[in-house]
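Worksheet: the structure to be examined is printed underneath.
The values are calculated or read from the model by the stated rules, or taken from the named source; none is laboratory data. In this text the structure is predicted, and so the values were computed from the model without any measurement. Note: ideal-geometry Cβ built from the backbone for every residue, glycine included; neighbour counts use all protein chains shown.
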Amino acid sequence: MISSAIISGSGAFTPPNTVTNVELCKRVDTSDEWIVSRTGIKSRQLIAKEGEMTTVDMAEKAAQAALDMAKIKAIELDMIIVATVTPDYRLPSAACLLQNKLAARNACAFDLIAACAGSLYGLSIASQFISSGKYKKILVIGAETMSTILNWSDRNTCVLFGDAASAAILEPSPDPEKGFIDFQLYSDGTHWQDIWIPEGGSKNPVSADTFEKKGDRVLMNGRETFKFAVRALTSAALKILESHRVSIEQVHHIVAHQANLRIIEAVAERLGISLDRFIINIDRFANTSSASLLLTFDEGKRLKRFKDNDLILMLAIGSGFAWGASLYRM
Ligand code: ACO
């Protein structure tokens, strides 16, 4: 490792259209009380209608905010990674569309899929390229128009998600003590059917009845996901802390994927810490999948929650299941 990677800029964008739980009651048989008590979600930001704003449109705005904070120009970027399960097209990648919009002509660009763990996986790849000395400036994006893959008549899923994009610029740290310390990533594909979209891929291509059956929309086994997420996130946190001989008391902030407030509360309880060490925004944005982790990081950064030298534990889990943890020194 030549040097560690720091996040020199971050940014986020959410569409202006706020949809409250009460408004969702007009679409499905649910209630504000049920959603708040089971998930902590009060409202979410959604594109007003499909096609009105795309994943790449939102990614561009988040990227520009991150470039501005890092005080660099898009032309200086060496690599663009977009984590998404809702790219604008099946082909080409959202990352190449974003490269074009930003006129980031010197960057190679590709997408990755790790669902709600997408940003964490993207950061881990970017960090390796920076640490090896191969690249100097990498843009990592998590961006989703989840509203375009939800079944709006399925109350089990449609109340849980929001649309958003978030971004980070990674550069070599001038101080080797600062930046990413480690990533530990895991996957367990035996759970592939706990959160999935049955149709529209090469296994079950879109057919005449796909839209009737809503086969191109998210299905979820909520209870299994909940139990697995609590176990996996707690275990990933404890393992990375142990590897670096760091106690949970030494961690100043936890930036975790915002899937469900009860998942975060259960992880906090198992780690023996209070909720105030977590940055929480699920109440306003719901689960924004790949965008969630960096949306939360950016909020902590802009609210000046992070001080110089603070130790941050990042945690994320998504469909697959794919999950992991990271330690980051401000
Ligand atoms: N409004 C009202 N009732 C509902 C709703 C709703 N929106 N959704 C489901 N229900 C009903 C169901 O029909 C079911 O009714 P039944 O018992 O009569 O069949 C009942 O509520 C389900 O109750 P529980 O299973 O006890 O609900 P639970 O407390 O498990 O909460 C939830 C469900 C919120 C989905 C929870 O399991 C969860 O959060 N799981 C994790 C899911 C998640 O985080 N997914 C994010 C994507 S993946 C990721 O980010 C890791």
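Some observations on this one:
- Enumeration of residues in the stretch 299-330 that are within 16 Å of the ligand (Cβ to nearest atom) and crowded, with 22+ Cβ neighbours inside 10 Å: 314, 315, 316, 317, 318, 319, 321, 322, 323, 324, 325
- Checked against the criterion of being modelled with pLDDT of 95 or more, out of contact with any helix residue (DSSP H, G or I) (no Cβ under 8 Å at 6 or more places or on another chain) and buried (at least 24 other Cβ atoms within 10 Å of the Cβ), the candidates 141, 130, 125, 113 yield just one match: 130.
- Condition check for residue 296 on (1) within 20 Å of the chain's Cα centre (by Cα); (2) away from the ligand (no atom under 16 Å from the Cβ): one failure, at (2).
- Qualifying residue in the stretch 1-18 (condition: free of Cβ contacts under 8 Å to residues at least 24 places away in the same chain, assigned by TED's automatic domain parsing to the domain that holds residue 89 and surrounded by fewer than 20 Cβ atoms within 10 Å (Cβ to Cβ)): no
- Meets criteria (β-branched (Val, Ile, Thr), part of a helix (DSSP H, G or I) and surrounded by 13 or more Cβ atoms within 10 Å (Cβ to Cβ)) for residue 240: yes
- Which numbered condition residue 162 fails, given (1) under 28 Å from residue 284 (Cα atoms); (2) away from the ligand (no atom under 16 Å from the Cβ): (2)
- The stretch 47-87 - residue that is surrounded by 20 or more Cβ atoms within 10 Å (Cβ to Cβ) and within 16 Å of the ligand (Cβ to nearest atom) and, of those, nearest to residue 134 (Cα to Cα): 83
- When every residue of the stretch 47-54 is checked against the conditions, at least one turns out to be closer than 18 Å to residue 112 by Cα, at pLDDT 95 or above and in a loop (DSSP other than H, G, I, E, B).
- Only one entry in 194, 175, 182 is surrounded by fewer than 16 Cβ atoms within 10 Å (Cβ to Cβ) and within 28 Å of residue 231 (Cβ to Cβ), namely 182.
- Qualifying positions in the stretch 257-280 - surrounded by fewer than 19 Cβ atoms within 10 Å (Cβ to Cβ) and within 14 Å of the ligand (Cβ to nearest atom): 262, 265, 266
- Residue in the stretch 175-228 that is farthest from the ligand (Cβ to nearest atom), counting only those that are part of a loop (DSSP other than H, G, I, E, B) and among the β-branched types (Val, Ile, Thr): 206
- From the list 288, 234, 225, the lone residue that is out of contact with any Leu (no Cβ under 9 Å at 6 or more places or on another chain), β-branched (Val, Ile, Thr) and in contact (Cβ under 8 Å) with a residue 24 or more places away in the chain is 225.
- Some residue of the stretch 163-170 being of a type outside the set (Val, Ile, Thr) and either closer than 27 Å to residue 31 by Cα or surrounded by fewer than 18 Cβ atoms within 10 Å (Cβ to Cβ) (or both): yes
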